[in-house]
1. Would you check which residues across region 149-188 are modelled with pLDDT of 95 or more, within 20 Å of V308 (Cβ to Cβ) and small (G, A, S) and list them?
2. Kindly list the number of the only condition in (1) assigned to a helix (DSSP H, G or I); (2) surrounded by fewer than 15 Cβ atoms within 10 Å (Cβ to Cβ) that fails for E184.
3. Can you pull out the residues in region 115-128 that are crowded, with 23+ Cβ neighbours inside 10 Å and either touching a strand residue (DSSP E or B) at 6+ places or on another chain (Cβ under 7 Å) or of a type outside the set (D, E, K, R) (or both)?
4. Name the residues in region 221-237 that are surrounded by fewer than 17 Cβ atoms within 10 Å (Cβ to Cβ) and not acidic (D, E), would you?
5. Count, please, the residues in region 249-279 that happen to be polar (S, T, N, Q) and under 30 Å from F57 (Cα atoms).
6. Of the numbered conditions (1) more than 16 Å from S212 (Cβ to Cβ); (2) crowded, with 24+ Cβ neighbours inside 10 Å; (3) among the β-branched types (V, I, T), T263 fails exactly one; give the number of that condition.
7. Among the residues of region 156-167, is there at least one that is farther than 17 Å from D127 by Cβ and either in contact with a Lys or Arg (Cβ under 8 Å, 6 or more places away or on another chain) or surrounded by fewer than 19 Cβ atoms within 10 Å (Cβ to Cβ) (or both)?
8. Of all residues in region 157-175, which are part of a loop (DSSP other than H, G, I, E, B) and not hydroxyl-bearing (S, T, Y)?
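The values are calculated or read from the model by the stated rules, or taken from the named source; none is laboratory data. In this text the structure is predicted, and so the values were computed from the model without any measurement. Note that we place each Cβ from the backbone using ideal geometry, even for glycine, and neighbour counts take in every protein chain shown.
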Amino acid sequence: MRFQLFVMIAICVAVFAATHLCFLFAWLLGKACHFACHYRPFLLSTLALLGVLLVTFLYGHYIGQYDVRTRKADLQFQSLPSDFDGYRVVHISDLHLYGWVGREEKLAEAVDQINRLQPDLICFTGDLVSFGYEELRTTLPILQRMRATDGVVSVFGNHDYSYYRRNFTEGQRIHHMEELIRIERSELHWHLLLNQSHVIHRGADSIAIIGSENQSCGVHHVIQKGNLPLAMQGTDGMFRILLTHDPTHWRDSVLQHTDIPLTLSGHTHAMQFSVFGWTPASWLYRESVGHYQEGSQQLYVNVGLGGVVPFRIGAYPEITLLTLHKR
């Protein structure tokens, strides 16, 4: 809670300072131009603005960040094998389990919401943790309840490499990463793909799930571990779904060099703020929220279930149900 209070106090101080700088400018201008500038309107407007910000912050923290919404989309593909027509994929991303510690009952509700969709496959596109594997101590039993006919397939996001843990040595970072890999594969029994693929069969047909390590090609370019050619090995001629955490990878490499029909990403969180469909994430990411298509290739960007900032306004936590159809 200390971080939330710090953020709120910082915002209030910034608003108070900004409005009083405006008053100082108006007062100096008034002195120069010989007209009176009264302080009372500035004070009242400052208090009103601070009140609106406080209510917004409290709503986003106590309600918005746990108001999980299910979004549904039907996607058409000419190359989809017939036996996969109607295949139901639940796409989730950016759990950031640090934010669910102490609110495990809310995470359990989200898992129940996923299970009620009765998915054929669950795809998780990275950032399971914010800082390290310890975040799974109380949340692991809840995540183990997640169910899909063909299981859960996952990839790493930028936070899963533990680069954001203060005072970590390289050895500690590698230990945390290796422990997270072990937990996902051995305790959660997820198919964690690190530049690897996983084949799913239906009758005589099959599809390949391609998992790229984090490959950030935009503003967050410090973590570039993706090897798409390696991940695609052995999947030639198959219908492929790519899981890659950062959506900038799609335009940089997927559109340019592959024929992958569907890519699933997360990472942007829509900056956890959206008003009438607009989000500041669109300033940083060409593909920031939802569904995109160029030619026969499609991308879906999930805004995530959790976050590193403890509130959401408009950009509510998202579970996406994608139903694949043969066109």
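1. Within region 149-188, S154, G157 meet the criteria.
2. Of (1) assigned to a helix (DSSP H, G or I); (2) surrounded by fewer than 15 Cβ atoms within 10 Å (Cβ to Cβ), only one is false for E184: (2).
3. Answer for region 115-128, where residues must be crowded, with 23+ Cβ neighbours inside 10 Å and either touching a strand residue (DSSP E or B) at 6+ places or on another chain (Cβ under 7 Å) or of a type outside the set (D, E, K, R) (or both): P119, L121, I122, C123, F124, T125, G126, L128.
4. H221, V222, Q224, K225, N227, P229, L230, Q233, G234, G237
5. Residues flagged as polar (S, T, N, Q) and under 30 Å from F57 (Cα atoms) within region 249-279 amount to 5.
6. Looking at each condition in turn, T263 falls short on (1).
7. There is at least one residue in region 156-167 that is farther than 17 Å from D127 by Cβ and either in contact with a Lys or Arg (Cβ under 8 Å, 6 or more places away or on another chain) or surrounded by fewer than 19 Cβ atoms within 10 Å (Cβ to Cβ) (or both).
8. The answer is G157, R165, R166, N167, F168.
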